[in-house]
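Below is one structure; the comments refer to it alone.
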Amino acid sequence: MSMAHPSAVVNSRQGFSLAQYLTCGRGIVWREALRFLHQRERFVSALVRPLVWLFIFAAGFRQSLGIAIIPPYETYIPYEVYIVPGLLAMIQLFNGMQSSLSMVYDRETGSMRTLLVSPFPRWFLLSSKLVAGTLVSILQVYAFLAIAWFWEVEPPLTGYFTVLPALVLSGLMFGALGMLLSSLIKQLENFAGIMNFVIFPMFFASSALYPLWQVQQASLPLFRICWLNPFTHAAELIRFALYGKLDPLSLAVVLGCTAVFMAGAIGAYDPARGLIALRRGPGGNG
Amino acid sequence: MNSALHDLRLYAEPRTPWPGAELALEVEHLSHSYGARKALNDVSFRAGAATFTVLLGLNGAGKSTLFALITRLFNAQAGGIHIFGHELRRQPGEALRRLGVVFQARTLDLDLSVWQNLLYHAALHGMSGREARERAGRVLAQVSLGSRAQEKARNLSGGQMRRVEIARALLHGPKLLLLDEPTVGLDIEARADIVRHVRRLVASEGLSVLWATHLIDEVADSDHAVVLHNGVVRAQGRVSAIVAAAGAQDIGGAFHLLTQGAAGGEVGE
Ligand SMILES: Nc1ncnc2c1ncn2[C@@H]1O[C@H](COP(=O)(O)OP(=O)(O)OP(=O)(O)O)[C@@H](O)[C@H]1O
Ligand SMILES: [Mg+2]
């Protein structure tokens, strides 16, 4: 056993300054933004998916689905207007799954390793990564809102500002969920699996496509599932915020889920837990 | 059983490179399993400062697992690691900032330029602005790729990517550099180039290097070596001492003797 390590005492300054933390966090965000700019296909497909829903699905159902006046809306609204908040949440869900899972499975293999070998505390690195992913998802959301505006989805102008905090929260929640899944799930080795087992169920069993009271009339068990689904609450938080209103229950659920998912993700990547050791993980042997 | 090998461990085990020398890396009684498979079994060795230490082992020996533990991707189930005296678990930040790593798998961000890759790494070590740019320029020039800075990493050849990865690993001025099979997949010239570059850094800048490989011709007689086989350290010490203790002609012969026969099982300890 080695007991004495004299060099530990004489070595240079310890720890990092606040400025260095900022540098590190900024660097992580900067890289994510660069990747986003360089991957135009990813951006385009992130937009095409919700636009297809808006242009085709919603337009088709416009006649058959009337939406009664429910908060936060104050008038009758066309179906397109109703599904937009759910589509915004979907953009963020996709982004969260994609950025976290690509870290582990796709071409990006190894970038997680590069990140984790940084001397900054791991919780800080992972949180920065989440913030970066959230910012990218918000860019996508605003691009979508801009296009939707031409499709006569015109929330009040102030709504574009009041929705921002809601987007930050839901972006963090989905990012943390993706990060947690990326560390825990061994079977879902590809994005198709995530689509089938995470994205579709979360999206369909939610208030994204139909108001919850309609679901309740149709099926009580389904209503319960929708109600327990965090996606519902992210969509509702965004829906209310887009009209300058706050849904306290949704806020509480989204905050709670974000905290739980984040703690879970940070715990899962904790070197002591060794969960990432259990599978052929980030860049081990390529 | 295996008594000759057992003896060899004793022979070649002057653990400290030389008395009183500063230690770059100290690995003590490290064990790690993936489920039921034991990847490392009571591994102990030391690497001196300003020394080129070769970690020699066949496929599956446990080299990458050892690197994952030293870089704190996950903690070992048993044992301890010190990097320049800093215990990895208790002072991870202090240990990791002294460490530079080139992983076995390529880890450059292919969509970014070489320069952006370097600046990202600098940020991950808390460096920005002029300091980061100066250092990035210097390490890139060292590997003779200064003219390719603005190109996308994707456009580089395998050997050039490796050189950029080495430059990146040195960017924050680490004192210990880990390289996991850095020359795999490169042609003879590119290989020699990289070996020469890293050896020069040891000689001229006092860098400590742990070089994992299964390629005998990358080992020099004056190096220190650790022979790892099936997760067990089979020999360590100066290469010439290992060769002599194994009663072999050269390190190739010694490596062959040390790594045969024990496939699947553990060496009697
Ligand atoms: N994530 C993992 N899950 C299960 N077993 C693993 C995992 N990673 C490594 N192993 C096993 O641990 C042992 C050591 O593997 P390791 O990758 O450390 O060897 P290596 O010396 O780097 O080999 P190579 O020269 O092929 O890179 C092998 O038997 C390998 O199959
Ligand atoms: Mg390996």
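The values are calculated or read from the model by the stated rules, or taken from the named source; none is laboratory data. This structure is a prediction, so every number in the text was calculated from the model and none was measured. Ideal geometry is used to build each Cβ from the backbone, glycine not excepted, and the neighbour counts take in all protein chains shown.
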Can you find a residue in the range A:218-227 that is at pLDDT below 90, within 16 Å of ligand 1 (Cβ to nearest atom) and in a helix (DSSP H, G or I)? no
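Is at least one residue of the range B:89-104 away from ligand 1 (no atom under 13 Å from the Cβ), among the β-branched types (Val, Ile, Thr) and either touching a residue at least 12 places away in the same chain (Cβ under 8 Å) or touching a Phe, Trp or Tyr at 6+ places or on another chain (Cβ under 7 Å) (or both)? Explain how you work it out, then say what you get.
Of the range B:89-104, the ones away from ligand 1 (no atom under 13 Å from the Cβ) are B:89-102.
Filter once more, so that each one left must be among the β-branched types (Val, Ile, Thr): B:101-102.
Okay, now just the ones that are also either touching a residue at least 12 places away in the same chain (Cβ under 8 Å) or touching a Phe, Trp or Tyr at 6+ places or on another chain (Cβ under 7 Å) (or both), so B:101-102.
Scanning the range B:89-104 turns up at least one residue that is away from ligand 1 (no atom under 13 Å from the Cβ), among the β-branched types (Val, Ile, Thr) and either touching a residue at least 12 places away in the same chain (Cβ under 8 Å) or touching a Phe, Trp or Tyr at 6+ places or on another chain (Cβ under 7 Å) (or both).
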Of the conditions (1) more than 19 Å from B:Val198 (Cα to Cα); (2) part of a strand (DSSP E or B); (3) more than 8 Å from every other protein chain (Cβ to nearest Cβ), B:Glu28 satisfies every one except a single condition; which number is it? (3)
Applying the selection to the range B:104-127, what residues are within 16 Å of ligand 2 (Cβ to nearest atom) and either closer than 18 Å to B:Leu207 by Cβ or more than 7 Å from chain A (Cβ to nearest Cβ) (or both)? none
Looking only at the range A:27-83, and only at residues there that are surrounded by 16 or more Cβ atoms within 10 Å (Cβ to Cβ) and among the small types (Gly, Ala, Ser), the one that is farthest from the other protein chains (Cβ to nearest Cβ): A:Ala58
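Inside the range B:39-76, can you point out the residues that are farther than 16 Å from B:Leu178 by Cα and within 13 Å of ligand 2 (Cβ to nearest atom)? I'd like the intermediate steps shown before the answer.
Filtering the range B:39-76 for residues farther than 16 Å from B:Leu178 by Cα gives B:39-44, B:58-61, B:74-76.
B:Ala39, B:Leu40, B:Leu58, B:Asn59, B:Gly60, B:Ala61 - these are the residues of the range B:39-76 that are farther than 16 Å from B:Leu178 by Cα and within 13 Å of ligand 2 (Cβ to nearest atom).
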Number of positions in the range B:59-68 that are in contact with a His (Cβ under 8 Å, 6 or more places away or on another chain) and either within 9 Å of chain A (Cβ to nearest Cβ) or among the hydroxyl-bearing types (Ser, Thr, Tyr) (or both): 1
When restricted to B:Leu56, B:Leu73, B:Leu40, the only residue of a type outside the set (Val, Ile, Thr), within 16 Å of ligand 1 (Cβ to nearest atom) and over 26 Å from A:Ala268 (Cα atoms) is B:Leu56
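For every residue, the table says whether it meets (1) under 20 Å from the mean Cα position of the chain (by Cα); (2) assigned to a loop (DSSP other than H, G, I, E, B).
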site: A:Gly193; (1), (2): yes, no
site: A:Ser206; (1), (2): yes, yes
site: A:Ala234; (1), (2): yes, no
site: A:Gly244; (1), (2): no, yes
For the structure I just gave you, tell me whether A:Gly86 is away from chain B (no Cβ under 14 Å), small (Gly, Ala, Ser) and either closer than 27 Å to A:Leu249 by Cα or assigned to a strand (DSSP E or B) (or both). yes
Output the number of the condition that B:Arg196 fails; it satisfies all remaining conditions of (1) closer than 24 Å to B:Ala47 by Cα; (2) touching a residue at least 12 places away in the same chain (Cβ under 8 Å). (2)
